[in-house]
Structure formats: C-alpha cells, structure tokens
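Please read the structure below before turning to the comments.
The values are calculated or read from the model by the stated rules, or taken from the named source; none is laboratory data. Just so you know, these numbers come straight off a predicted model, no measurement behind them. Cβ atoms come from the backbone with ideal geometry, glycine included; neighbour counts cover every protein chain shown.
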Amino acid sequence: MNARFPVMAIVLAATLAAAPARAADGRELVAMPPMMQEHMLASMRDHLVVLNEILADLAEEKYAEAAKVAEARLGMSSFGLHGASHMAPHMPKGMREAGESLHRAASRFALLAQEADVERSYAAMRKLTGALGEMTTACAACHAGYRIR
C-alpha cells in the first residue's frame, strides 16, 4: 500500500465534508472582472506574507524592522502599492471599510513598533500586540463577510 494513501484519504474526506459548508457560504459575493479578482487575491496573499514577516520580526525583537514592513506594505502609505484606487469602486462599503481599518491599524502598529523599539517594556509590547490584533481582526472581518468567487 502506498504510504501517502492515508494522508490522501484524510484530505479527500475533509474536502468532501467541507462541500456542504461551501454550498451554504453566506458571504456576500463581490463581482469584479477576473483580472481584478486575481490582483486582489495576489494582494491578500501578500498581506499574509507581510503578517508572517512582522511576526518573525517580533519574535526576534526587531521592532524597527516590523514597523518598516508594516507601514510600507500594509499601512496607509501602501495604498498605491495595492492599487486601492482602482479596486475600491468594485467593493461594497463594508468591504472598503474593513480594508481601510486594516491599513489604519497597520500604520498604528508601525508607530507602536517604533516606540517598542525604544522602550522595550512590557507595556509597549502589550500595545504592540493589541495593534497586531486589530490588523488581523480587520482581515478576519472582511474574509468572513465577503468573497470574490
């Protein structure tokens, strides 16, 4: 018997079990051209990469580096990078607000990370992890409410 069979069987069983959940997806479908869908999905994948970089920097106590990546790739100054101006008209108000919330939270995080780099205190770290939580809360809210496919 193939050693990979049990793993493949588990993946297949999980996929089949999830099928009814996908059929009952209550998230709002946001219609946009296929090219924009691909752009948005690439942007969301990049957001995950950035969050991972931030977490790695925090684990190594590289707060200044975490601040730089947060602001440059997720903060308010990153709108041009993500093509926000041409994507926004295709988004419902709530989706735009969730995105703006993420970008504002990332800019707040960047400022707090700079402070944590100087202070190196428990209080600074609590503020910093709270701001990180605001970022992921915005992501989760958008993904829970909207889909593009």
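When you go through PHE109, PHE79 one by one, which is the residue that is among the aromatic types (Phe, Trp, Tyr), within 14 Å of ALA138 (Cβ to Cβ) and either in a helix (DSSP H, G or I) or out of contact with any helix residue (DSSP H, G or I) (no Cβ under 9 Å at 6 or more places or on another chain) (or both)? Walk me through it before giving the result.
Working: PHE79 fails: within 14 Å of ALA138 (Cβ to Cβ).
Unique residue meeting the criteria: PHE109.
Every test in (1) of a type outside the set (A, V, I, L, M); (2) part of a helix (DSSP H, G or I); (3) over 15 Å from the mean Cα position of the chain (by Cα) is passed by GLY99 save one, and that test is (3). On the basis of being within 15 Å of the chain's Cα centre (by Cα) and either outside any helix (DSSP H, G or I) or modelled with pLDDT of 95 or more (or both), does ALA124 make the cut? For ALA124, the condition - within 15 Å of the chain's Cα centre (by Cα) and either outside any helix (DSSP H, G or I) or modelled with pLDDT of 95 or more (or both) - is not met.
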